[in-house]
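What follows is a set of notes on a single structure, which appears directly below.
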Amino acid sequence: MTTNENKSKYISIGGLAAGSGVPVETIRNWELRYGFPAPIRLDSGHRRYDMNLITRLRKIKLLVDAGYKPSFAVNLEESEIDQLLVSVSLAGDTHDAESEDAQTTVRRWLMLTESMNTVELNRVMARDWNRIGARRFIFELTLPFLRDVGNRWESRTFSVAHEHFASEVLQAFLASRWRPLVSSNHKKKLILANQEGDLHSLGLQMAAVLTTLHNVEPVFLGPNTPLQDIIVAANEQKAAAVVIGLSSVSDPESSARFLSRLHQSLLGVRLAFGGNDRIPGMSNVEYIASLEDFDTWCRSI
Ligand code: B12
């Protein structure tokens with residue numbers, strides 16, 4: 001087929017390779033052997049591929065990585081591929097999940113993110129939480145997982161949709177675990193909020209998990225919280241402290257102004273922040289460099 005129409009729906013072989021994670025040479029080789037993925041040809045003779053092929057090729061790659069032959073995988077229906085991807089992931093459970101190393105578990109989470117399999121990713125996360133406990137779940141699995149998601153997004157192995165999917169599943173999972181742990185026996189309250197404009201709330205979700213392990217009640221205001229609302233919540237709740245999450249996207253100068261204004265209005269409530277190490281030093285506002293440090297800091301509330 002020769003066409004120059006609808007070019008925007010079509011991508012080059014390099015684009016297909018970047019989007020699917022299958023190298024250019026392999027794509028050419030599979031086309032030659034199995035007739036898949038089939039390109040259209042421009043008048044110039046160059047190959048172009050329908051963008052919808054990215055997802056199919058990505059999933060086929062997962063099956064091939066799991067040991068299936070390409071000749072078998074390329075001929076499957078979409079629904080068969082999805083079913084097999086679930087069983088591949090389940091099969092991994094049968095070999096001693098107890099002793100599965102963190103790297104393998106993170107790879108499993110990444111694979112389920114790649115196929116956007118919500119049910120299975122939730123199930124595996126629940127298994128891992130029960131298997132190694134909340135603290136290790138955060139430090140050994142969640143942080144490396146998010147780092148890998150970020151790296152894959154940067155190298156375009158993951159799309160923005162994958163990044164959003166991973167964040168949403170993870171944040172819902174973490175909240176579902178720490179919220180039931182909050183008890184009316186907790187004597188102290190800690191306000192957790194992101195600065196206005198900052199949507200990176202996963203650091204705070206992890207901080208909330210750690211907070212409950214210290215018998216302190218997190219009052220979680222979450223992403224994008226206006227200054228005034230943090231002040232109102234801290235005063236009304238008689239909070240022992242306020243911790244602000246600032247991601248690396250936040251501008252250091254305006255974040256410093258935000259923190260100073262907050263400190264001035266909080267009247268004797270302890271104020272700390274974490275997440276961005278480029279904020280100029282401030283007296284009366286504590287800096288918590290990492291979630292490990294936050295875990296220790298909680299003991300001082
Ligand atoms: C998930 C994610 C998102 C999600 C966030 C969803 C959510 N509910 O949190 C969404 C899709 C919304 C998003 C949006 C954007 N993102 Co983003 N995102 C990420 C990603 C993949 C993970 C971030 C994360 O949660 N990491 C886990 C945290 C805990 O790790 P950390 O940030 O390294 O934090 C460490 C410490 O700083 C500390 N810490 C962090 N938070 C806190 C809080 C407390 C209280 C304490 C004590 C400590 C602490 O603990 C961590 C471990 O020690 C990163 C990539 C990466 N490698 O991190 C990019 C990343 C942070 N995002 C980035 C960008 C550019 C954006 C956008 C501007 C993209 C865009 N063009 O729209 C927007 C900005 C939105 C906004 N206004 O905030 C860049 C920032 C680059 C920079 N320095 O400027 C990154 C690094 C990706 C990249 N490599 O380019 N993002």
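Summary of computed values
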quantity	calculated
Qualifying positions in the range 162-198 - near the ligand (Cβ under 9 Å from one of its atoms), touching a residue at least 24 places away in the same chain (Cβ under 8 Å) and closer than 30 Å to LYS59 by Cα	ALA166, SER167, LEU170, GLN171
Failed item in (1) on the phi < 0 side of the Ramachandran plot; (2) surrounded by fewer than 12 Cβ atoms within 10 Å (Cβ to Cβ), with GLY45 passing the rest	(1)
Lone qualifier among VAL269, VAL243, VAL219 - being within 9 Å of the ligand (Cβ to nearest atom), closer than 15 Å to LYS188 by Cβ and β-branched (Val, Ile, Thr)	VAL243
Check on THR211, within 13 Å of the ligand (Cβ to nearest atom) and buried (at least 17 other Cβ atoms within 10 Å of the Cβ)	yes
Considering residues of the range 220-239 that are of a type in the set (A, V, I, L, M, F, W, C) and in contact with a Lys or Arg (Cβ under 7 Å, 6 or more places away or on another chain) only, the residue farthest from GLY268 (Cα to Cα)	LEU227
Matching residues, the range 117-132, being surrounded by 14 or more Cβ atoms within 10 Å (Cβ to Cβ) and hydrophobic (A, V, I, L, M, F, W, C)	LEU121, VAL124, MET125, TRP129, ILE132
Where a residue in the range 46-64 is closer than 11 Å to GLU114 by Cβ and its partner, wherever it lies, is charged (D, E, K, R) and in a helix (DSSP H, G or I), with Cβ under 7 Å and at least six apart	ARG58/GLU114; LEU62/GLU114
Any hit, the range 87-102, residues being under 26 Å from HIS164 (Cβ atoms), of a type outside the set (A, V, I, L, M, F, W, C) and modelled with pLDDT of 70 or more	no
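The values are calculated or read from the model by the stated rules, or taken from the named source; none is laboratory data. No experiment lies behind these values; they were computed from the predicted model shown. Glycine also receives a Cβ, built like all others from the backbone with ideal geometry; neighbour counts cover every protein chain displayed.
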